[in-house]
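Taking it in order: structure first as structure tokens, then the write-up.
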Amino acid sequence: MHALMQLDEWTFAPSIAIGIAVPAAFYAVGVARLWRGAGIGHGLRVSRALLFAAGVATLVAALMSPLDEIADQLQSAHMVQHLILILIAPPLLIAGEPVRAFVWAFPRRLRTSLPRWLQIPFWRWLGLSLTAPPVAFALHAIALTVWHAPGPYDAAVRNETIHAIEHVCFLGTALLFWWVVMAPPGLRRLSVSLRVPYVIGMSMVGAAIGALLTFATSSLYAAYGNSAAAWGITTLEDQQLAGLIMWIPGGFAYLIAAAALFMNWMQADEERADRASALRVRTEVA
Amino acid sequence: MATNAVAVPVQEQLTEIWETPPGVLGRLSSVDHKLIGKRYLVTAFAFLIAGGIEAAMMRMQLARPGQTLVTPEQYNQLFTMHGVSMIFLYALPVLSGFSNYLWPLMLGARDMAYPRVNALSYWVFVLAGLFIYSSFLVGQAPDGGWFAYTPLTSHDYSPGLNIDFYALGLIFLGISTTVGAINFIATLAKLRAPGMSINRLPIFVWGTITVSVSIVFAIPALTVDLIFLYFDRAFGLHFFDPGAGGQPLLWQHLFWIFGHPWVYIIVLPAMGMVSDILPVFCRRPLVGYTYVALATVSTGIIGFGVWVHHMFATGLPLRSMSFFAGASLVIAIPSGVAVFAWLATIFYGRPWFKTPFLFMAGFVFLFVVGGVSGVMTAAIPFDWQLTDSYFVVAHLHYVLIGINVFPVIGALYFWFPKITGRMMSEQLGKWSFWVMFVGFNLGFFPMHVLGLLGMPRRIYTYQADFGWGPLNLLVTIGALVFATGILLVLINVIVSYVGGAPAGDNPWDAPTLEWSTTSPPPVYNFAAIPTIRSRHPLWEDRLGETGRSEIYGGPLLLDGRETLATSPLDARARAVLRMPTDSYWPVTLAVSLTVFFYGALLQWWWLAAAAGVATAFCCAAWLWPSEDARQLPPGAVTNAETDLPVGQTGQTSVGGWGMSLLVLNEATFFAYLLFSYFYLSSLAQHAWPPEGPPALKLVLPNTLVLIASSVTAWWASRGIEADNRNRLRIGLISSIVLGAVFLTIQGFEFTSKDFRPNASAYSSSFFTITGFHAAHVLIGLLMLAVILIRAFRGHFRSSNHLAVTNAVLYWHFVDVVWLAVLFSLYIAPRFG
């Protein structure tokens, strides 16, 4: 009973609150300035802003709601928190076209000098390297795998700072991963035909980790102690549940993304093919 | 008729270019996809007949209680070989046969992307099949069931050669399946006719491409599993030995990680056939094309997520099984989409009750029955009652015969006129359908009831007082009726082949590209490369499509075996490809592999080693470029008809696709090896590793050596891009030296261990994983060595270095794998 009573306790860690609030405020300022000049819904559609807001809301739900408190007791709840950070929040945030909004958050003078800033070779190199499809995939896969090794995982559960670093790793690499898939036309680095296998490949990384958690016959992580007992399940059952949540619902999230990308690909393709296939043939030959 | 749009002399010229040399010897060298496709079909049907004879013997034995026609040992061999024949040697190869024959014709190409690999794929298939069947000659056919569960199949309980034939034969067959799949993927990516966008592909092509991608990811799981089994049996390792830290369930996990996708692999192309053939006989386009394509792809994906539902009775935690029961039910969604699309197509069409239509409609009925019993076995309590009973036998036969055999026979009736130029007898066709359909349901439906009555599968006889006798007799009669139906099909094939009515180009008035050629198609497929403008190139007028495909007026490409390379995304013409000519290397390579596997079977290591060297030699000789190809580097010449460059280089070329897919396949292989390692470690009862984390003092410097070799390889390939041939040679030599140093130090690392591979499950995993990595380093070194020799002969320049790019890519891959191995085996235990 004790544990259940914590369901209404929200957590408030200043670093996390600031980490969420600053980009959100930046976005809001940018959108406000853009719409003040161009009219509401112009330059950036209202639906985009709503998607971004939903992304921020899921971050709040994951990191500040009672879920965060429960995640310290239940590995399965912790897994739900992580899945929000890697599967739900990043696509929503990217769908909100944050780059466009952020640009407008700068005052006019800074905004005009922004392109010059971005031309600095190091930033260009960094941006291009991090968003290169194999790099983004590898970084995200490594983040997921390494943080599930017993040592790092236990450290994160025990220490709030390490926990925050873990979350930054998850969210950050997930943003890179989904950016590769969802980037706006000018910034696309991955051919539309390869995005389906790209997403499915990541689902296999998740499935492998989920399978190992599910089938282990002893608890892999020590940090939870016996806190699952308060919820009426054993530590091992909690671990199995965590693995299954990552494996099955997590897998379906990737599947849904893959299906959406597939439909997108099918629609885009026909027009392109007609334009592209005009083949010049010299009929006089032969 | 219509092909006369291209002048006869041109057709004669093309025939001369593409024709296979005459005689048996000439045919051994042929790379014509149509010939290979036909061989696949004939061979697969031969295995179907062999498997059918095995089934008939079992049904005779079971027709009445207490019979003694065969001994229990023989019965075990019969049901195992029946399963292996049908599932591995018939079901996929027959679909590969159709795909091989039809793909280039459907896509508007003159051959597959890798014609010689295509030939290799066939030779390996037939030789692997004969390898497995040769076990009958020594009376030791596989006898552990088609999924060969450990520990029954371990050396202690199966000491004979039986299971070794199984393990090695299926590893061998996997080579054929894998290279075939890579060939399909590259063909789809690179060889579609201009304008053949992905939403104009026949659904059959969607089915084959989905399963090809699945194969690249699924076969390595089986290969790893079979290697573990063979190592356990031949060298006394302990992957599946619980006494030494192994896990018998690891076999089942890996087997079903492969096995469930495999179920879809052998049905999705057949379902694609239905989606393409049904509309022809309903005289309208398929309803919901996009959704059927999506259903095909997503079924292939879901296939990887539900393997655990084959293991409900193995004592896994109930909670995990509930998730899998739920996930398994999800498959009903894409299946349902497809079924309703077919029904709507029939409903809104004007059905034309020809033989192919009967088979397709019969399939829809059987698919629903098999699907429903599948949903039933996905429910855990139900599965616990019925697993390993005849209910499961009934279910899987409804699925496999219903979804594979019926569409395949229908497809045979449909495409036989295209392949042979003759119609099959319609009357005999209808008879064959009804005999098969009635016989099948008569034979296999009562099996559901037998399962409910408690009859276990795989028993060689039963007692009269169980009361299973009458139903078993009915099953036997039904099975024989069904076999008679198949026999009628074969008679029809022979009779029609000899004296069937001439078919003409398009006897069914079908809409897709293959029907625009003569029947049978000319060796060059298309006299002119077509340009596609719609999903139904031959129905454009009556459907009122806005675009008009150009089938007879495209480029002729007469300067040798040539076809168009297009871009993967929008099928834009990019280059004219010079296609490989006929060659004896594929068949030679397949034979040397056969010798290798016999060496491994008999544990005659000298033979295996000699065959290994021969295999490496065959590969190098195969890849050695002809004088012609070297005189004509990619892009050096422009094709006069199209202004396109002749040949292509770089990562998006056909060769680049092949190497990337091979690397992906091999990476998956290592991923399954490492998954098995972590699986065993997470279930270990004792310390893992037993003697604490392995020492780093040799491997850390060695890692630096390997990374350095990657840097020099990169430097070398950048060098040749800038036409600096000296840099290429120096860089390659450095990489080879560093790679050799790495292997030497690895040798010291191996000997420094005070345990042997057969000490425990840990030592087995350790030596298997690092050993396979070392073997890959060796392969990489051989590749680099061949490239070095070619570099000294001046084969490469900035415009012509695809082989360098590919070999260096492989080398980088080998190094990246080492980092994963290092992290898993050396670093991760320190975080435990």
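Apply the Karplus curve 6.51 cos²θ - 1.76 cosθ + 1.60, θ = phi - 60°, to the phi angles in region B:325-333 and return the couplings in whole Hz, x for Gly and Pro.
So the Karplus estimates, Gly and Pro as x, are 4, x, 4, 5, 5, 4, 4, 4, 5 Hz.
If you take the square roots of the eigenvalues of the alpha-carbon gyration tensor of chain A and sort them as a ≥ b ≥ c, do you get rounded (a/c under 1.5), prolate (a/b over b/c) or oblate?
oblate
Cβ under 15 Å from B:Ser320's Cβ, B:Ser320 left aside: what net charge do those residues give with Lys, Arg +1 and Asp, Glu -1?
-2
Going Cα to Cα from B:Lys34, which lysines come in below 21 Å? Please leave out same-chain ones fewer than 8 positions away.
Cross-link targets: B:Lys190, B:Lys418.
So what does the Cα-only Debye profile of region A:196-239 read at q = 0.20, 0.21, 0.28 Å⁻¹, as log10 I(q)/I(0), no solvent term?
Here log10 of I(q) over I(0) equals -0.68, -0.71, -0.93.
Specify which residue in the list B:Val213, B:Gly66, A:Leu44 is farthest towards the positive end of the charge dipole of the protein assembly as shown, using unit charges on the beta carbon of Lys, Arg (+1) and Asp, Glu (-1), about the Cα centre.
The residue sitting most towards the positive pole is A:Leu44.
Given Cβ point charges of +1 (Lys, Arg) and -1 (Asp, Glu) and nothing else, what value in debye, to the nearest 20, does the dipole of the protein assembly as shown about its Cα centre take?
I would put it at about 2520 debye.
Quote the Stokes-Einstein diffusion coefficient, in whole µm² s⁻¹, for the protein assembly as shown, based on the Kirkwood radius over alpha carbon pairs, a temperature of 10 °C and a viscosity of 1.306 mPa s.
50 µm²/s
If you consider only alpha-carbon coordinates, what radius of gyration and Dmax does region B:2-499 have, in Å?
22.7, 77
Suppose every K and R has +1 on its Cβ and every D and E has -1 on its Cβ; what is the size of the dipole of region A:2-265 about the Cα centre, in Debye to the nearest 20?
Roughly 1900 debye, rounded to the nearest 20.
Set the Förster radius R0 to 35 Å, insert the Cβ-Cβ distance between B:Glu691 and A:Asn264 as r into 1/(1 + (r/R0)^6), and round the FRET efficiency to 0.05.
Here the calculated transfer efficiency is 0.10.
For region A:36-63 and region B:458-482, what is the separation of their C-alpha centers, rounded to whole Å?
Each part reduced to its Cα centre gives a spacing of 67 Å.
Which of the aspartates and glutamates could a cross-linker bridge to B:Lys753, judged by Cα under 13 Å and excluding same-chain residues fewer than eight apart?
By straight Cα distance, B:Lys753 reaches B:Glu691.
What is the packing order of peptides B:530-541, B:104-115, B:489-500, taking the mean over residues of other C-beta atoms within 10 Å and listing the highest first?
With the highest mean Cβ count within 10 Å placed first, the list reads B:104-115, B:530-541, B:489-500.
Determine the calculated [θ] at 222 nm for the protein assembly as shown from helices alone, applying -39500 (n - 2.57) to every DSSP H run no shorter than 4 residues and normalising by the residue count; nearest 500 deg cm²/dmol.
-22500 deg cm²/dmol
Note down the magnitude of the dipole of region B:645-784 about its Cα centre, charges +1 on Lys and Arg C-beta and -1 on Asp and Glu C-beta and zero elsewhere, to the nearest 20 debye.
260 debye
Expressed as a whole number of Å, what is the distance separating the alpha-carbon centroids of region A:159-203 and region B:1-62?
47 Å
Lys/Arg Cβ at +1, Asp/Glu Cβ at -1, dipole of region B:696-832 taken about the Cα centre: which of B:Phe742, B:Ser763, B:Ala713 is farthest positive-ward?
After comparing all options, I get B:Ala713.
Net charge within 10 Å of A:Val180 by Cβ-Cβ distance, Lys/Arg positive one each and Asp/Glu negative one each, not counting A:Val180 itself?
Every neighbour counted, the sum reads +3.
Would you order B:Cys619, B:Cys282 from fewest to most other beta-carbon atoms within 10 Å of each residue's own beta-carbon?
So the ranking, lowest neighbour count to highest, is B:Cys619, B:Cys282.
For chain A, which DSSP H helices look membrane-span-like by this rule: Cα extent along the axis of 15 Å or more and mean Kyte-Doolittle of at least 1.0?
For chain A, where a helix must reach 15 Å along its axis and average at least 1.0, the hits are A:14-38, A:46-63, A:133-147, A:160-182, A:192-215.
Could you tell me what fraction of 2.2 N^0.38 Å the Cα radius of gyration of chain B comes to, as a two-decimal ratio?
It is 0.97.
Along the charge dipole of chain B, Cβ charges K/R +1 and D/E -1, which of B:Leu358, B:Phe526, B:Tyr677 sits furthest on the positive end?
Checked the options; the winner is B:Phe526.
None of the figures in this text is laboratory data; all of them are computed from the coordinates on show. Just so it is clear, the structure is predicted and the values come from calculations on it, not from any experiment. Positions of Cβ are generated from backbone atoms using ideal geometry, with glycine treated the same way; all protein chains shown enter the neighbour counts.
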